[in-house]
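Here the structure is laid out as structure tokens; the discussion comes afterwards.
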2 protein chains.
Amino acid sequence: MTYSQMSAEERKAEYARLQKEFDDLKAKGLNLNMARGKPSKQQLDLANGIFDLMRDPADYVTDGIDVRTYGELTGIPSAKRLFAEVLGCRPEQVFVGGNSSLQLMYDTISKAYTHGLLHSPRPWCKEETVKWLCPVPGYDRHFKVTETFGFELVSIPMTDEGPDMDAVEEAVKDPAVKGIWCVPKFSNPEGIIFSDRVIHRMAALKPAAPDFLIMWDNAYCIHEFEGDFIPFPDMLALCAENGNPDMVFEFFSTSKITLPGAGIACFACSEANIAYMKKLIDIQTIGFDKVNQQRQVLFLQNKAHMLEMMRQRATIMGPKFRCVVETLDREVAPTGIADWRRPKGGYFVSLNAMPGTAKRTLALCKEAGVTMTSAGATFPYGKDPQDSNIRIAPSLPPVEELEQAIAVLCVCLKLAALEKLGL
Amino acid sequence: MTYSQMSAEERKAEYARLQKEFDDLKAKGLNLNMARGKPSKQQLDLANGIFDLMRDPADYVTDGIDVRTYGELTGIPSAKRLFAEVLGCRPEQVFVGGNSSLQLMYDTISKAYTHGLLHSPRPWCKEETVKWLCPVPGYDRHFKVTETFGFELVSIPMTDEGPDMDAVEEAVKDPAVKGIWCVPKFSNPEGIIFSDRVIHRMAALKPAAPDFLIMWDNAYCIHEFEGDFIPFPDMLALCAENGNPDMVFEFFSTSKITLPGAGIACFACSEANIAYMKKLIDIQTIGFDKVNQQRQVLFLQNKAHMLEMMRQRATIMGPKFRCVVETLDREVAPTGIADWRRPKGGYFVSLNAMPGTAKRTLALCKEAGVTMTSAGATFPYGKDPQDSNIRIAPSLPPVEELEQAIAVLCVCLKLAALEKLGL
């Protein structure tokens, strides 16, 4: 029987029972964290071989370049080749940076703001208004980048196959709309893979703004934790085929393949965009850390080897996601108060609690020692109009801890729903 | 006899003799580079021990932090302590970043432009005009950062003890003047150490702009190649003592101590500034490469050990600088056509050729296969009003090659001067 089918009496009894369960959980004095998509210690240890590399002086040189010294602003050729193979584009379209794809994304937007992009009539700081499309639920750090530059964030609903393209096509008729955030494979937080139809409509957009920018954050493009690797189209080629060669910047990093915060990141875009950005970035730095680029290339070798590594990581991640989804299926599904997605890759499980209960649920979790991503974080300005979406990040805790954390979450979801339904 | 004392006949004969010498040098087909302050291969090899570190899993953890994962935006505590010891400030005043101090400098200016600094009435992109003080001759990459944001660059003459402080004090009365570039120890390119008097006047400035910013690029603060280490005052404390705690950002990196482009960089500033910048940088990145921070700390250990390392590097750099200065003393001094400084640290020798001959000199050098920093590079907009200053960067070539390159430079200086004096 679902909660809404229950009589007031039955709900009262259920609430009393759950409150006791909650008190027992609270008494355990838990201190668990499912707030961010951090890899676990066990997963970090899989990359420790990276510390044994670069011991042979022959490794300091790649394609005739001494990686220890200044130069090669756009990255070492072997790293470009590796990323091009993974993303399905050409090495000339790849710019290899430092340890953070977020930094490359921020800097791309920042340079659009201070200098403009290749086809900008003027720097965006000189525009009256800049609007930005944010598929929701989405990634809080993306939204914050565009928020910090004062853009007006416009929510676009996500569907089962990606952003609602009717809404996107309508929105880009406004010349103030300058771009959109996308996580096309295993989207954050829903784990949705954009369908071919969505991707093609996205590549074929005819925005009013001549400098409209698709921020294509392909963070999880080889991050399956269940099932086989799913090939994914090259967005750069698709945009070019549709007469939009300069409309997309794709981003990727090895942070969740080697070491978080000590991997390497890249962006990929048209060669015209590479040339334009190179001129701007040349003022900002003499070059990124090529020693670490070389270290990553030696460790990762090629796409086939990287996919093999990801299968190893899947043996750690898979059980965690199964634990989350199976517990929710068992504990929460019968109550009819929430639904959730069943991702096969990425780093999150997206859950929609009964509208109006997400904040209360997470406050209760906190009270019981379980920290989750804040309610609302998956929406622009941190405000979920339904107060419903909850992002679960199960990667960090070991399975035993995860079980406890999810048990807490289930109880809190139910308590909040019963309070909402009225006791 | 100097060239200006020569008769026209004597100059003609000298020119003919030099032209033959020039042709002989040209015939050698040289391909030498003294354009940038790049460390030599020999110097890079001194740091190869850095590749043997981080092999013990115990090294992954520092002050309880696993350096392999996300977090610690402002850097690991041990790196803050190390930089604080070197700069003479407190660890809480240090923000440790990635591999590039230039990037930290650019980002500081960029954030002033997009968001404003702690005491800014508005972001600098909303200001009618932003003016910036550039001591000349100075560092081209500094000037380009402020040029790229459209600031109006104002030249300030350098004296033997640093920037002309009368000119600086006068200039900062203009509220549009928002900051100044400084390389206070072994300035680029002159190798001047700012005197205590200059430093104190700088720290005590009372600029009209409430958000005036001293960019204190202490790149060479332990980079003596001759004589003992020269202690240098803590600019942060001096500014604070003078009621300007938030007026200065100091920059430093290990690029020329460990590996160029694979070291770590930091900025140091008041704790109020750290808190302000942290909030802004938190949008840009989850964190810098802490594995490399840890690697550098393990390698460098402490200030005493770093000074010892710099003495080793001095045994490579010292002979190169002596070669430059001694050759100029021997070959050019008698002609009276140029003068140059005798730095004891840093990466450059600054030479003032006969006014109106720097461009011609460097064009001749290029013809003979010797690439130098472009004429004018040490001035805002790349324009030396005197066409006189030449920056010599002797760090990269081995001494044998350097001798050849300087021989070419000497001949070219003379040819250009004779042409200017009239034949």
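One decimal, nm, shortest first: give the distances between the label point of B:Asp196 and those of the same position in the other copies, each label point 7 Å from Cα along Cα→Cβ. The answer, with the shortest distance listed first, is 7.8 nm. When only Cα pairs below 8 angstrom with a gap of at least 6 residues are kept, segment A:62-303 shows a relative contact order of 28 percent. Modelling each spin label as a point 7 Å along the Cα-to-Cβ direction, I'd like the B:Glu10/A:Phe229 distance in nm, to one decimal. Going from the B:Glu10 label point to the A:Phe229 one covers 7.7 nm. Sorted from shortest to longest, the distances between the A:Asp164 label points of this copy and the other copies are 6.5 nm, with each point 7 Å from Cα along the line through the beta carbon. Compactness check for the protein assembly as shown: Cα Rg over 2.2 N^0.38 Å is 1.05.
As a proxy for reagent exposure, A:Leu236, B:Leu18, B:Leu102 were ordered by neighbouring Cβ count within 10 angstrom, fewest first; the result is B:Leu18, B:Leu102, A:Leu236.
Scattering from segment B:28-145 was approximated by placing one identical point on each alpha carbon and applying the Debye formula without solvent; log10 I(q)/I(0) at 0.22 1/Å stands at -1.36.
Over all directions, the projected convex hull of the C-alpha atoms in segment B:171-301 averages 9.7 nm² in area. A P(r) calculated from all alpha carbon pairs of segment A:273-423, with 5 Å bins opening at zero, reads 2, 8, 14, 16, 14, 10, 9, 9, 8, 6, 3, 1, 0 percent.
The alpha carbon gyration tensor of segment A:312-377 gives principal lengths a ≥ b ≥ c with a/c of 1.5 or higher and a/b greater than b/c, which makes the shape prolate. Centre-to-centre separation between the Cα atoms of segment B:55-116 and those of segment B:182-215: 24 Å. In what order do B:Ser395, A:Ser253 fall by count of nearby beta-carbon atoms within 10 Å, going from fewest to most? Listed from fewest to most nearby Cβ atoms, that is B:Ser395, A:Ser253. Averaged over the residues of A:98-107, the number of partner chain Cβ atoms lying within 10 Å of the residue Cβ comes to 6.
Residues considered: B:Pro260, B:Pro231, B:Pro207. Largest GNM mean-square fluctuation over chain B, using C-alpha springs under 10 Å, is found at B:Pro231.
Placing unit charges on the Cβ atoms only, positive for Lys and Arg and negative for Asp and Glu, gives segment A:14-59 a dipole magnitude near 300 debye about its Cα centre. Protection proxy ranking for A:115-126, A:284-295, B:281-292, using the average of other Cβ atoms within 10 Å per residue and placing the highest first: A:284-295, B:281-292, A:115-126. Amide H contacts for A:Gln301 (H built 1.01 Å from N in the peptide plane; partners 5 or more residues away or on another chain; cut-off under 5 Å): none found. For chain B, what is the relative contact order in percent, using Cα pairs closer than 8 Å and at least 6 residues apart in sequence? Here the relative contact order equals 26 percent. Simple point charges give the picture: +1 on the Cβ of Lys and Arg, -1 on the Cβ of Asp and Glu, and for the protein assembly as shown a dipole about the Cα centre of about 120 debye. Taken residue by residue and averaged, Cβ atoms of other chains lying within 10 Å of the Cβ of A:286-295 number 6. With the largest listed first and rounded to whole Å, the semi-axes of the equivalent ellipsoid of chain B from the Cα gyration tensor are 40, 27, 17.
Sequentially through segment A:267-279, phi angles give Karplus couplings (6.51, -1.76, 1.60; θ = phi - 60°) of 10, 10, 6, 4, 5, 5, 5, 4, 4, 5, 5, 4, 4 Hz, Gly and Pro residues having no value and appearing as x. Inter-copy label distances for B:Pro210: 3.9 nm (label point placed 7 Å from Cα along Cα→Cβ; shortest first). Each peptide in B:333-339, B:129-135 receives the mean, over its residues, of other Cβ atoms within 10 Å, and ordering these scores from highest gives B:129-135, B:333-339. Per residue of chain B, the DSSP helices (runs of n ≥ 4 H) give a summed -39500 (n - 2.57) that works out to -12500 deg cm²/dmol at 222 nm. Residue pairs exceeding 29 angstrom between C-alpha atoms, taken from B:Lys28/B:Lys383; A:Lys278/B:Lys131; A:Lys279/B:Lys206; B:Lys28/B:Lys420: B:Lys28/B:Lys383; A:Lys279/B:Lys206. When the protein assembly as shown is described by a simple charge dipole with +1 on each Lys and Arg Cβ and -1 on each Asp and Glu Cβ, the residue from A:Ile214, B:Phe95, B:Thr361 located farthest towards its positive end is B:Phe95. Exposure proxy for A:Val94, A:Val136: other Cβ atoms within 10 Å of each Cβ, ordered fewest to most, give A:Val136, A:Val94.
Taking each residue of A:45-51 in turn, how many C-beta atoms of other protein chains fall within 10 Å of its C-beta, and what is the average?
Mean partner-chain Cβ count within 10 Å for A:45-51: 3.
The label-point distance for B:Glu92 and A:Ala204, in a model that sets each label 7 Å from Cα toward Cβ, rounds to 6.1 nm.
Quick one: angle between helix B:399-421 and the longest Cα principal axis of chain B, in degrees between 0 and 90, rounded to 10, please. Rounded to the nearest ten degrees, it is 60.
The value obtained for segment A:62-303, namely the Cα convex hull volume divided by the number of residues, is 114 Å³ per residue.
Each value in this text was obtained by applying a stated rule to the coordinates, not by laboratory testing. Since this is a predicted model, take the numbers as computed values, not measurements. Every residue, glycine among them, receives a Cβ derived from its backbone with ideal geometry; neighbour counts consider all protein chains shown.
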